[in-house]
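The values are calculated or read from the model by the stated rules, or taken from the named source; none is laboratory data. Here the structure is a predicted model, which is why all the values come from computation and not from measurement. Note that we place each Cβ from the backbone using ideal geometry, even for glycine, and neighbour counts take in every protein chain shown.
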DNA sequence: AATAAGATGCAACTTTGTTGCAAAATATTT
DNA sequence: AAATATTTTGCAACAAAGTTGCATCTTATT
């Protein structure tokens, strides 16, 4: 785990600092997505608000994390799989948002079906967000 | 057009006021989606910021418009088709965001394919956002 | 160990969204 | 058509979210 964090930072030529380690730790410590607010809350005592913003920005640029579209105007971030590169992500997996516990998870095993667009439209990326009830909240 | 606006308001038992007419006019005047910022800019001289927020909120509740998920932390709204009711929308269509002109349109004719989730997940709603190049920007 | 490069915290600020309340506009009743 | 009740609006004040410049400290490099 500790190992994994250093790996990610090294691989992306980032200097290893406290906030970067801590935030990566959060992502690795759970397999869902994190809202900006969550991250800020869970690091707020140790790091400045501004640092959190800047760290997430760096991770986004490097393709370490990606954003998940939401309707409620709260950005959510999730770790990218290893095959994302700077600039270009291929996170062609489905995101699931639980209406009950509000958790967001990446369903890596579910592939996005082909979607045929009207003439003239050229698809570059497809995002699928399924909302409903997750197994944990089911009963 | 003028007619259509009054229809929508009457059908939803809303009193017809300046801001409601103007905002509906914006939606009817173009077939894409509008970001909150757009709406505010194009009505700002006539109506208060707060009124715009409240009007959009009312339209959402009544099912006149719906939100479109975005990654950039800016809510976008689009008109619902007639078959949306208060509370429940069936906007099971695909949204297309052009990377060039930043326009968002609802592709009503494209239906969302069936997505099979892992055991235990129960889908209630599926959102599909395709980004790429739109016909107008194509060449 | 010394230096260069980069990250952080602070303060100040902008933008975005919210709430309470009085005034104004719309709808309803007579 | 006037009077009343109901809604909606604008204002002010505030809360929350996000940004920027700069001095200081930390990490990496030599």
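Observations, loosely collected:
- Residue A:6 surrounded by 12 or more Cβ atoms within 10 Å (Cβ to Cβ), farther than 21 Å from residue B:73 by Cβ and either modelled with pLDDT under 85 or within 16 Å of DNA strand D (Cβ to nearest atom) (or both): yes
- Residue among B:54, B:49 that is within 12 Å of DNA strand C (Cβ to nearest atom) and more than 18 Å from the chain's Cα centre (by Cα): B:49
- Residue check for residue B:16: without any contact (Cβ under 8 Å) to a residue 12 or more places away in the chain, assigned to a loop (DSSP other than H, G, I, E, B) and within 11 Å of DNA strand C (Cβ to nearest atom): yes
- Of all the criteria given as (1) touching a residue at least 24 places away in the same chain (Cβ under 8 Å); (2) over 14 Å from the mean Cα position of the chain (by Cα); (3) within 25 Å of residue A:94 (Cα to Cα), the one not satisfied by residue B:115 is (1).
- Flag if residue B:38 is under 15 Å from the mean Cα position of the chain (by Cα), modelled with pLDDT under 95, more than 30 Å from residue B:138 (Cβ to Cβ) and away from DNA strand D (no atom under 16 Å from the Cβ): no
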